[in-house]
Amino acid sequence: MTMLQPVEPREVAATRLAPLRRHLLDVDDLEDADVLRLLRRAAEWKGQGAGALPPTLRGQVVATVFFEPSTRTRLSFELAAQRLGALTMPFDVGRSSLEKLETLYDTLQTLAAMGVTMAVVRHRDNDVFAGLSQRTELSLINAGNGTEAHPTQALLDAFTLLGRLGRLDGRTIVITGDIVHSRVARSNLKLLGRLGARVIVCGPRELLPSDAALRLLGATSAPSLEDALVDADAVMCLRIQRERHAETSSRESSAQSYLSMYGLTLERFARARPDCVLLHPGPVNRDVELAASLVEHPRSLILEQVRNGLYMRMAVMEWLAGVLP
Ligand code: CP
């Protein structure tokens, strides 16, 4: 008969085994030096091509916990983790014990007990991470929360812009559309400003933050897209996020009238500088925020953003794992 090994007290084990635990909840969690390291590392991964990659994330187990739909963010995190040797655990919220009212904290602790080291979380609530980041035993990555933040989208957008423009310092970037409901806009406004870009927002007045809020983010607004585009190096169109509007909103308007009044039409884009590039984080609603044919325009970087998302998310998970060179 074999004797069971004495069980180490839980507190002692947790102290001894606790890894370097970082979270990425918004771009504010990154020092300027971290941002530069992530941009450089994403460029290195992009330069590697499609061959076998060193398994720098071997030993990591990455759960994707999405309470809202996603194509780009969820799949690129899963692919990025797999390409660097991590195990992935796509977590099905609707078939989990969250449906039996288990809390998200208890769910994350349960995943951590199974060996999950990182959780990529998307949630409708701005406050979803409040209290979680201090308590969970795994690293959290914000894959988009409410109207608050989407840090990896901002990082991949900056990486995409740098790839085309060479530098962001002194560049003019226009963000147009539903700014006030957009977590992409908020994270981008913070990061692009830190990288030296001049950011101008425009859109229907009721979909713009107040001037005071914009000032805090170092941005300004323009009265129209035509005005904003005059000196633009890049224009980023954002979807109208109807799922985050009040049901009885007076903001509802037909797709056609939105496009003609506020969207990026062929005519408006033709009046921008001839080297002005076009971005959109996706998903795109063609012929609403931009003319359908602009998606495939030679200066559209929309699919380049998707490609770059993979490399940036590789770098982000290396940063979280403490193995980013
Ligand atoms: N840009 C973005 O977050 O896309 P998904 O909703 O498809 O992840």
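Only the coordinates and a few stated rules stand behind these numbers; no lab work does. Source: prediction; values computed, not measured. Because the Cβ atoms are built from the backbone with ideal geometry, glycine has one as well, and the counts that use them run over all protein chains shown.
Things to note:
- Residues of segment 45-89 that are farther than 22 Å from L111 by Cβ and either within 16 Å of the ligand (Cβ to nearest atom) or free of Cβ contacts under 8 Å to residues at least 24 places away in the same chain (or both): G47, Q48, G49, A50, G51, A52, T71, R72.
- Scanning segment 289-305 turns up at least one residue that is in a helix (DSSP H, G or I), away from the ligand (no atom under 16 Å from the Cβ), over 30 Å from V62 (Cα atoms) and of a type outside the set (A, V, I, L, M, F, W, C).
- When T160 is tested against (1) assigned to a helix (DSSP H, G or I); (2) more than 19 Å from the chain's Cα centre (by Cα), only condition (2) is not met.
- Residue match in segment 42-58 (condition: buried (at least 16 other Cβ atoms within 10 Å of the Cβ), at negative phi and touching a Ser or Thr at 6+ places or on another chain (Cβ under 7 Å)): no
- A single member of L161, L192, L108 is more than 18 Å from S70 (Cβ to Cβ) and surrounded by fewer than 23 Cβ atoms within 10 Å (Cβ to Cβ), and it is L108.
Matching residues to (1) of a type in the set (F, W, Y); (2) buried (at least 17 other Cβ atoms within 10 Å of the Cβ); (3) within 28 Å of V120 (Cβ to Cβ):
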position	(1), (2), (3)
A270	no, no, no
P281	no, yes, yes
A291	no, yes, no
M312	no, yes, yes
E318	no, yes, yes
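- One residue from E243, E267 being within 14 Å of the ligand (Cβ to nearest atom), farther than 24 Å from L38 by Cβ and either basic (K, R) or in a helix (DSSP H, G or I) (or both): E243
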